[in-house]
Amino acid sequence: MTDIAVDAVPAPAAAPISAEAAVPRIVTLDIVRGVAIMGILAMNIVAFAMPFQAYMNPTAYGMESSADLASWAFSFIFVDGKMRGLFSFLFGASTLLVIERAKAGGLSPARVHYARMLWLLVFGLIHFYFIWFGDILALYAQTGLILFFFRKLSVRALVRWGVGLVLVQTALFAAAAAWAYYLSHAAALPPDQAEAWRSMQEGFVPLTGRALAQELALYQGPYAGLIHERLIDNLGKPFTGTPLFLAETLGYMLLGMAALKSGFFGGDWAMARYRKWALVCLGIGVPVYAALAFLLVRQGFATENIFLYSIAATTPVRPVMVVGIAALVILLTRGGGPLVARIAAAGRAAFTNYLGTSILMTTLFYGYGVGLHGTMSRIELWLPVIAMWALMLLWSKPWLERFRYGPFEWLWRSLARGRLEPMRK
């Protein structure tokens, strides 16, 4: 599963005063979310700006220099999958907070939770069909329908379930990698297997000639063409991919619940404990990811290698990296400061920042806007990424000093509650 769509689920909207007093807002959670909402764009930018094949295969498009290769390697080791994983962790933790706040406010936790998931699904479908194909909100909403039943488990039970589901996902991806290896090395394939192999390669092999021209024309063309492609050609996509990624997504959410219940996401641990977890987890994850990046470069980005090294082999290591990154963020931001306050504000308005990023980036790269799709190399894409980071940090804090929620957070909360929530402080 990629970071697309990535990606980014907001902090739970504030509950009534009595519930907030019982279950106060966790600033550490906002800070980690702020880092994640900024980091997710560093990977998603490729899918905004280039043919999708470049997302998993850097040689498919935009690889013009050694700097482009270095940019891919950095993103592969530190960003790709980690930000999606971190957001899934945070979604689980936020869901648990919403449930606790509903109980503290005398509301039905089930009604509050499922109303939120229903409207999140609506937001996700609108996002996918009318803004950007890389939506993750629909997947989160569907997974959230199951997540509710795990809310009362202990930390140990949540970790066991989470790890077990990640192992299930690993087995699924390992089977896909083995199938890809078989198909790629077979001397001759029957028609059905040949078609299966062609389908597997579609998302990874570089586009050339007419296929590339059609792809660029679609995204540099009018808005109507994109809507037709999503509503006609990919109408069921927000649902058909869910079974493939459900185990991992649910596993991450359960691990996020465990991280909240254990005090990890609350910033309650001693500094030495966070330091130990950061060193151990990153000490395991970074070398593994670096080795996989080396193998991909050395052996080439053939489809079977991408399945093996980039998809299957990373799955059991990714949650280790997620925990290590979260621990490191908590360590580095423990002292607070103006920048940390702005990052926390970006995290509080993560839903608005996520959807706003999609709106601005598609306007920048698609034909109905500036039309830069397919015109920039991988290293050059850091320019719009840094500009968007600056925008997130600039607007979020002053807005939240005047208003209770970000604009889309307010809309989501009002729809889920069935009434207009107060906006101004």
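Quick notes
- Projecting the Cα atoms of L183, V340, G105 onto the dipole axis of the chain, where Lys and Arg carry +1 and Asp and Glu carry -1 at the beta carbon, places G105 farthest toward the positive end.
- Cα long-axis angle, helix 407-417 against the chain (0 to 90 degrees, to the nearest 10): 70 degrees
- Cross-link reach is defined here as a Cα-Cα straight distance under 17 Å, omitting same-chain residues fewer than 8 places apart; for K152 the aspartates and glutamates meeting it are E100.
- Backbone amide hydrogens, once placed in the peptide plane, bring F403 within less than 5 Å of K425, excluding anything fewer than 5 places away on its chain.
- Residues of type aspartates and glutamates that K397 reaches as a straight line, Cα spacing below 18 Å, ignoring anything fewer than 8 places off in the same chain: D30, E409
- Most fluctuating residue given options R84, R413, R198, as computed from a GNM of the chain linking Cα atoms under 10 Å: R198
- q = 0.08, 0.09, 0.14 Å⁻¹: log10 I(q)/I(0) that the Debye formula gives for region 17-417, counting C-alpha atoms only: -0.43, -0.55, -1.43
- Contour excess over end-to-end distance, with Cα ends at I359 and A387 and 0.36 nm allotted per residue: 8.6 nm
- With both labels modelled 7 Å from their Cα along Cα-to-Cβ, the R404 to E380 distance reads 4.6 nm.
- Since only M388, M423, G371 are under comparison, the one whose Cα sits farthest along the positive direction of the charge dipole of region 359-425, derived from C-beta charges on Lys, Arg, Asp and Glu, is M423.
- Each Lys and Arg Cβ is given +1 and each Asp and Glu Cβ -1; about its Cα centre, the chain then shows a dipole of about 1940 debye.
- Hz values of 3J(HN,Hα) by residue in region 223-239 - Karplus curve (6.51, -1.76, 1.60), Gly and Pro given as x: 4, 4, x, 5, 5, 4, 4, 7, 7, 9, 7, 10, 4, x, 4, x, 10
- Segment A272-I232, length gained on full extension (0.36 nm per residue, minus Cα span): 9.0 nm
- Measuring between alpha carbons in the structure, the pairs from K82/K237; K103/K237; K237/K261; K276/K425 lying more than 32 angstrom apart are K103/K237; K237/K261; K276/K425.
Where a number appears in this text, it was derived from the coordinates with a stated rule and is not lab data. Predicted model only: the values in this text are computed from it and were never measured. Ideal geometry is used to build each Cβ from the backbone, glycine not excepted, and the neighbour counts take in all protein chains shown.
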